[in-house]
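I have placed the structure first, in the form of structure tokens, so that the comments after it can refer back to it.
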Ligand SMILES: *Cc1c(COP(=O)(O)O)cnc(C)c1O
């Protein structure tokens with residue numbers, strides 16, 4: 001079976017469909033190669049690298065149409081490090097989390113084990129669904145996740161309200177690691193929108209970025225507890241304002257990120273980027289709905305992510321076997337999220353991925369399923 005060789009005419013132009021690290025555009029890689037001698041291997045405290053950080057910070061401000069008072073911060077360690085930084089520097093006493101998959105639950109667990117914080121309120125939802133946060137007077141920080149990468153569920157980025165419709169007092173943190181740059185968002189609805197560059201931003205991992213409101217900056221400045229310097233957002237803020245990071249960043253990651261942000265901005269900004277993912281989602285979910293053996297895992301259409309699709313297969317088809325034959329044909333990383341334990345494939349539809357390639361992927365799956 002693994003000898004099945006998909007006809008070249010059916011194959012996508014690029015076989016990378018993984019959710020992170022994800023497809024990096026060849027144009028960006030070429031631009032990096034062209035600049036390599038004057039950029040790679042140079043000091044991150046000098047103009048050459050700081051200019052790239054500046055391009056990233058300004059470009060993100062433009063991409064998200066950040067209102068007055070919002071700033072772009074960055075630091076090393078990826079989103080996972082940012083969770084720890086938020087645990088020290090953003091949550092004052094008590095947070096509320098909507099946990100509807102592996103990633104949203106992980107941040108909640110970081111907070112649960114922090115001795116300096118009250119136990120958080122965790123609102124859970126079954127994998128494949130979402131839940132709503134609820135404004136409460138004892139909560140100072142709400143933790144949402146724009147796109148739950150483990151299940152392919154997207155949630156609206158909106159300030160929580162209480163039962164009489166009043167907006168929450170606390171700050172709203174949004175893990176947008178896999179959603180930022182591929183999903184629409186309204187900055188007035190968040191205080192911190194944080195992410196990493198290896199998903200929609202078609203770069204490499206190891207960095208975190210955060211779009212922060214004035215209220216979030218005030219929170220960082222006010223929170224005065226001992227914090228490991230690496231996780232101290234005050235230090236990160238000072239460095240970000242100088243277009244630097246606290247310690248040495250990966251220069252290639254920054255460069256590829258700047259290229260992607262500028263590619264988005266030059267073509268129409270977030271509307272352009274999100275519309276590419278929208279088109280891919282229409283193709284993939286449309287195919288799954290018409291298919292006799294596949295169906296979207298997420299039942300509510302408006303909770304189906306436009307950047308990460310999860311597609312269930314019926315018992316007659318072994319999804320892992322399909323993923324493995326795809327892999328031998330160079331179509332890779334569509335394996336399901338391991339801990340979810342379902343007979344399914346997970347497919348990234350980030351803006352760098354061509355919708356025509358998503359279409360080709362469905363053709364490859366149909367071709368294989370007839371033959372397996
Ligand atoms: C990938 C991902 C993370 C982890 O990001 P790292 O940069 O690897 O720490 C966190 N949250 C979400 C929603 C993700 O998709």
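The values are calculated or read from the model by the stated rules, or taken from the named source; none is laboratory data. Not measured: the values here are computed from a predicted model. Glycine gets a Cβ as well: all are built from the backbone with ideal geometry, and neighbour counts include every protein chain shown.
Inspection of region 41-60 identifies no residue that is in a loop (DSSP other than H, G, I, E, B) and within 16 Å of the ligand (Cβ to nearest atom).
Could you tell me whether any residue of region 275-286 is closer than 20 Å to residue 196 by Cα, part of a helix (DSSP H, G or I) and modelled with pLDDT of 95 or more? Before the answer, list the steps.
Filtering region 275-286 for residues closer than 20 Å to residue 196 by Cα gives 276-277.
Keeping just the survivors that are part of a helix (DSSP H, G or I) gives 276-277.
So of that shortlist, the ones also modelled with pLDDT of 95 or more come out as 276-277.
Looking for residues that are closer than 20 Å to residue 196 by Cα, part of a helix (DSSP H, G or I) and modelled with pLDDT of 95 or more, one finds at least one in region 275-286, hence yes.
I'd like the full set of residues that are in a strand (DSSP E or B) and within 19 Å of the chain's Cα centre (by Cα), limited to region 333-366.
Taking region 333-366 first, the residues in a strand (DSSP E or B) are 344-348.
Matches in region 333-366: 345, 346, 347, 348.
Of all residues in region 62-92, those satisfying the criterion of being away from the ligand (no atom under 11 Å from the Cβ), in contact with a strand residue (DSSP E or B) (Cβ under 8 Å, 6 or more places away or on another chain) and over 24 Å from residue 265 (Cα atoms) are 85, 86, 90, 91, 92.
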